[in-house]
1. Grab the other residues whose beta carbon is less than 12 angstrom from that of residue 88, score K and R as +1, D and E as -1, and report the net.
2. What is the sum of charges, Lys and Arg at +1 and Asp and Glu at -1, for the other residues whose Cβ falls under 15 Å from the Cβ of residue 76?
3. What does the charge count near residue 58 come to, summing +1 for each Lys or Arg and -1 for each Asp or Glu among other residues with Cβ under 13 Å from its Cβ?
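All of the numbers you see were taken from the coordinates with simple rules; none came from a lab. Here the structure is a predicted model, which is why all the values come from computation and not from measurement. Backbone-built Cβ (ideal geometry, glycine too); neighbour counts: all protein chains shown.
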Amino acid sequence: MQMAKSQLSVRLFLLLAAVCVVFLMIGGSADADIPATAPVEYLVEPGDTLWAIASGVIGSDQDVRRLVADISQLSGVEGGTIFPGQVLLIPTS
C-alpha cells in the first residue's frame, strides 16, 4: 500500500512538472513577437525620403530596403510617399 502511494505521488509530480513545462513554452513563444524596444518617432522634414531616413539610422550589417519596408509598415505609409510634418515610427531593435 505504501509503495502504491509513493508511485502515485511520483507520477503526479511528473505530470505536474510536464504541465508546467508546456505552459512555460507556450508563454515564451508569445513573448517572441514583442519588440525589444518601442519604435522611435521621427518628424519628416522638407526634402526627406524614406530611403534617406533609413540610411541615416541603419547599422552597417542591416539592409536599407528592409528598414524602409519596416518604417512604411509601422507608420502606415502607402506608396512610399511621405510629407513634411508627418511622424514616422522607426524600429529600434
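1. It works out to a net charge of -4.
2. -3
3. So the environment of residue 58 carries a net charge of -1.
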